[in-house]
Amino acid sequence: MYRFLLSRQWVILTLVALVLIPVMIELGFWQFHRHERRVAQNALIADNLKAEPVPIESLTSPGHTVPRADFWRRVTATGTFDTAHEVVVRRRTNADDRIGVLVLTPLALRDGGTVLVNRGWVPAAPDQKSYPEVPPAPRGEVTVTGRLKADETTGASGIKDLRGLPDRQVMLINSKQQAELLGRQVLGGYLEQTAPEPAGGSPELVPEPDHDSIGAHMAYAVQWWLFAAGVPVGWFVLVRREKRDREAEARADGGAGTPEPAAAAV
């Protein structure tokens, strides 16, 4: 009664089911690994934000690539802001998702060298081409506390065309790019300022990164695995239903083809 499984329709259906099962299992593990990475990143952010601030020179140097282990690490830098070479970073949002710019000001360190400081967010100029109104940086020597961040790159950001930008405007925060513009060495990565608070609340300091939510990746993983488990169950149900329908058809055909007893035809 299961000879129908050799029909073209059922062979194709069975092959599709056999393909779907490993694909869904793999998709489940893909979401599970994304969940693990998110949990690990949240732990890294939380640990680095709780750590005592250290001098930024102890974690980076000119040309240095900031490793993931040092992302969001609390650091301090003491020096004087070089407002003459300040630039803004286009197309950035604040905590309210308003589009504006980030203020990027070089800080000439007391002990030599330069570090880029992201002083925070301000609204862009109305025409998007003029230099926006930027509150002045503090004068004289200042100690800035913030989070260490890695250089932004075109590959990670998806931004390809960096040409034709207005004067003193950039698309990425990149120490090598700024070192070429400044004509001097700049520490790798940059400092995302958290203190001191700017007078009047502008520029708006970049908020702390989210390290509480873990997303729905684990739920998606379980969902894919349940789908994978449901495929053979569904296949078995369809086979049983097909067998039952064929048996019912066979009985109906058998009953219709049986002649009436001769005694009844009087």
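For the reader, a short list of remarks on this structure follows.
- Qualifying residue in the range 104-112 (condition: buried (at least 20 other Cβ atoms within 10 Å of the Cβ), assigned to a strand (DSSP E or B) and touching a Pro at 6+ places or on another chain (Cβ under 9 Å)): no
- Tally, over the range 181-217, of residues that are open to solvent by less than 70 Å² (accessible area, probe 1.4 Å), among the aliphatic types (A, V, I, L, M) and outside any loop (DSSP other than H, G, I, E, B): 4
- Identity of the residue in the range 1-45, modelled with pLDDT under 95, under 20 Å from the mean Cα position of the chain (by Cα) and among the aliphatic types (A, V, I, L, M), that ends up nearest to residue 232 (Cα to Cα): 39
- Any chance residue 104 is in contact with a helix residue (DSSP H, G or I) (Cβ under 7 Å, 6 or more places away or on another chain) and either more than 22 Å from residue 202 (Cα to Cα) or among the hydrophobic types (A, V, I, L, M, F, W, C) (or both): no
- Near pairs, Cβ below 6 angstrom, 6+ apart or cross-chain, from the range 69-97 (in a helix (DSSP H, G or I) and open to solvent by less than 40 Å² (accessible area, probe 1.4 Å)) to any residue that is among the aliphatic types (A, V, I, L, M) and at pLDDT 95 or above: 70/59; 70/148
- Residues in the range 47-68 that are at pLDDT 95 or above, among the hydrophobic types (A, V, I, L, M, F, W, C) and within 20 Å of the chain's Cα centre (by Cα): 66 alone.
The values are calculated or read from the model by the stated rules, or taken from the named source; none is laboratory data. Being a predicted model, the structure only gives us computed values, none of them experimental. Using ideal geometry, Cβ is built from the backbone for each residue, glycine included, and neighbour counts are taken over all protein chains shown. Heads up: the accessible areas ignore ligands, DNA and RNA and are worked out on the full protein's heavy atoms, side chains in. Shrake-Rupley method; radii C 1.70, N 1.55, O 1.52, S 1.80 Å.
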